[in-house]
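Heads up, the thing below is written out as structure tokens.
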Amino acid sequence: VQLQASGGGLVQAGGSLTLSCAASGRTNDIYAIGWFRQAPGKDREFVAAISASGGLVDYADSVKGRFTISRDNAENSVYLQMNSLKPQDTAVYYCSAVAGTMATYRRAYLYHYWGQGTQVTVSS
């Protein structure tokens, strides 16, 4: 499966952005989707994940209450609505997929497929 992340940009602190992750290829398989981010000089970190059915979601503590992950399986897309953005949210955001599971995962090494990343910059 191929993943295409989009929707990044420059926004002021307190603003909002919605990231999209479009899947193509073997989209009939079951995939959980995760969003990760990586800031310059830092390790890639977990942001949010959603199960294949959409019934399970998980968030990093740093974004809980501000970010919302959702999916539209008919459109083969997953979204990350980001509100109340902070300068520390600045990073390249990646979407990723893991096949054959109904669970969600926080560990990056468990994900089989990765998109190319989209830059989010939050100015203070």
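The values are calculated or read from the model by the stated rules, or taken from the named source; none is laboratory data. Note that this is a predicted model, so its numbers are computed, not measured. Glycine gets a Cβ as well: all are built from the backbone with ideal geometry, and neighbour counts include every protein chain shown. For accessibility, only protein heavy atoms count, side chains too; no ligands or nucleic acids. Shrake-Rupley method; radii C 1.70, N 1.55, O 1.52, S 1.80 Å.
When LYS86, LYS64 are compared by accessible area at a 1.4 angstrom probe, the order from most to least is LYS64, LYS86. Accessible area per residue for the range 15-124 is 49 Å², calculated with a 1.4 Å probe on protein heavy atoms, without ligands, DNA or RNA. Note on the chain: the alpha carbon radius of gyration divided by the globular reference 2.2 N^0.38 Å gives 0.97.
Under a Cβ-Cβ cut-off of 11 Å, what is the net charge of the residues other than ARG44 that fall near it, where Lys and Arg count +1 and Asp and Glu count -1? Net charge around ARG44: +1.
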